[in-house]
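Student: Can you read through this structure? Questions will come right after.
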Amino acid sequence: MPKHFLTILDIPRDEAQQVLLRAKEMKDGNVRTDLLAGKTLLMIFEKASTRTRVSFEVGVRQLGGDPVFIASKDSQLGRSEPLKDAARVLSRYADGLIVRTFGQEKLETLVEYGDIPVINALTDEYHPCQIMADVLTMYERTPNLKDIKVAWVGDGNNMAHSFINGAVTFGYQLALACPAGYEPDSEILDNARSLGAVITLTDDPVEAVHNAHYIHTDVWASMGQEEEQLKREKAFAGYEVNDALMGKAAPDAKFMHCLPVHRGEEVSESVFEGPSSIVWDQAENRLHMQKAILEWIYKD
């Protein structure tokens, strides 16, 4: 049976630690291999991307494979033919699917009816590759992840959901600050807590960042939510990560953002461009972590 990576919880905890260490090793050694030699990975992106697309294309090539990119205008996933039919056809052409789409159920259908690995490059519910890279970024500075507090300030979106799952796998304490009506999915949160994750949820950003070592945020209106921009600006008033809010965190706390950023909304220019910001390390680490995830899937 092929391995799949639809959420962080798909990797057992002990194996996830090894993936983390391997990603660091790949980064430090600028590692190239021929693991994917002779293999073709289809990248089906129904949502636009810069970092995800480029990091995966480069990563697949650095492991000796051939990425084939299919943009939304070229994709017919679930439109002109049933998704289960596409899954069976694509399984006969390629050795893996890297999919950036809307509903998580699309990935689950591809897994059910196909017989090649499926990797979640983003859905409305989860963004596991991003959070795995973020964990690598924190690990580089704080190797004992169980000693850190991570704060999420903003929408209870796919990023928040994957941070919740990451708290299960890596053991960091997580505090989420979300406005009323924008909380994370209660089932995802309850499941993580049942698995031992230490997670608090509040509507007060100051409470969430108190003594936090890493402060994360995201745009207030994600892709596909642009028509809600004005409504969300009102709901998220007071949720900007600025110098005053960073001052409530632990000494030398770091700011992180998955990009792209809206300066002056979810984060101030002074924080984003300031000494606490480590967003460019985050962006680079997408490449190294995705290579490690690909190795976890294909190296047997």
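Student: Going by the conditions given, is E125 charged (D, E, K, R) and not in a loop (DSSP other than H, G, I, E, B)? Step through it out loud before you land on a result.
Tutor: Values: charged (D, E, K, R): yes; not in a loop (DSSP other than H, G, I, E, B): no.
Considered against the rule, which asks whether it is charged (D, E, K, R) and not in a loop (DSSP other than H, G, I, E, B), E125 comes out as no.
Student: Could you run through the stretch 148-190 and say how many residues are outside any loop (DSSP other than H, G, I, E, B) and touching a residue at least 12 places away in the same chain (Cβ under 8 Å)?
Tutor: Of the stretch 148-190, the ones outside any loop (DSSP other than H, G, I, E, B) are 149-153, 158-170, 173-177, 186-190.
Restricting the remaining residues to those that are touching a residue at least 12 places away in the same chain (Cβ under 8 Å) gives 149-153, 158-170, 173-177, 188-189.
Final tally of qualifying residues: 25.
Student: Any residue in the stretch 126-139 that is farther than 11 Å from R286 by Cα sitting within a Cβ distance under 6 Å of a residue that is aliphatic (A, V, I, L, M) and surrounded by 24 or more Cβ atoms within 10 Å (Cβ to Cβ)? List the pairs, counting only those 6 or more apart or interchain.
Tutor: Filtered contacts from the stretch 126-139: H127/M159.
Student: Next question, about the same structure. Among the residues of the stretch 25-41, write down those that are crowded, with 19+ Cβ neighbours inside 10 Å and in a strand (DSSP E or B).
Tutor: Once the filter is applied, which keeps residues that are crowded, with 19+ Cβ neighbours inside 10 Å and in a strand (DSSP E or B), the stretch 25-41 yields only L41.
Student: Output the residues belonging to the stretch 92-122 that are touching a helix residue (DSSP H, G or I) at 6+ places or on another chain (Cβ under 6 Å) and either outside the structural domain of T40 (by TED's automatic domain parsing) or in a loop (DSSP other than H, G, I, E, B) (or both).
Tutor: Within the stretch 92-122, G114, P117 qualify.
Student: Restricting to the stretch 128-147, name every residue that is outside any loop (DSSP other than H, G, I, E, B) and over 9 Å from the mean Cα position of the chain (by Cα).
Tutor: Filtering the stretch 128-147 for residues outside any loop (DSSP other than H, G, I, E, B) gives 128-139, 145-147.
If the condition is that a residue be outside any loop (DSSP other than H, G, I, E, B) and over 9 Å from the mean Cα position of the chain (by Cα), then V135, L136, T137, M138, Y139, L145, K146, D147 are the ones that fit.
Student: Continuing with this model, one more query. For the condition more than 22 Å from the chain's Cα centre (by Cα), at positive phi, assigned by TED's automatic domain parsing to the domain that holds G154 and of a type outside the set (G, A, S), what is the one hit in N211, N242? Steps first, please.
Tutor: Working: N242 fails: at positive phi.
It is N211.
Student: Is it the case that some residue within the stretch 75-85 is under 25 Å from L287 (Cα atoms) and not in a strand (DSSP E or B)? Before the answer, list the steps.
Tutor: Restricting attention to the stretch 75-85, the residues satisfying the condition of being under 25 Å from L287 (Cα atoms) are 75.
Cutting the leftovers down to not in a strand (DSSP E or B) gives us 75.
Checked the stretch 75-85: at least one residue is under 25 Å from L287 (Cα atoms) and not in a strand (DSSP E or B).
Student: Among the residues of the stretch 218-250, which ones are assigned to a loop (DSSP other than H, G, I, E, B), free of Cβ contacts under 8 Å to residues at least 60 places away in the same chain and not hydrophobic (A, V, I, L, M, F, W, C)?
Tutor: Q225, G238, E240, N242, G247, K248
Student: Of the residues in the stretch 251-293, how many are closer than 24 Å to S49 by Cβ and assigned to a loop (DSSP other than H, G, I, E, B)?
Tutor: First, pick out the residues of the stretch 251-293 that are closer than 24 Å to S49 by Cβ: 255-267, 272-273, 277-293.
Now narrow it down to the ones that are assigned to a loop (DSSP other than H, G, I, E, B): 258-262, 264-266, 273, 278.
Of the residues in that region, 10 qualify.
Student: Another question, if that's okay. Condition (residue is more than 25 Å from E15 (Cα to Cα), buried (at least 23 other Cβ atoms within 10 Å of the Cβ) and touching an Asp or Glu at 6+ places or on another chain (Cβ under 8 Å)) applied to the stretch 179-196: is it met by at least one residue?
Tutor: Looking for residues that are more than 25 Å from E15 (Cα to Cα), buried (at least 23 other Cβ atoms within 10 Å of the Cβ) and touching an Asp or Glu at 6+ places or on another chain (Cβ under 8 Å), one finds none in the stretch 179-196, hence no.
The values are calculated or read from the model by the stated rules, or taken from the named source; none is laboratory data. None of these values were measured; they are calculated from a predicted model. Using ideal geometry, Cβ is built from the backbone for each residue, glycine included, and neighbour counts are taken over all protein chains shown.
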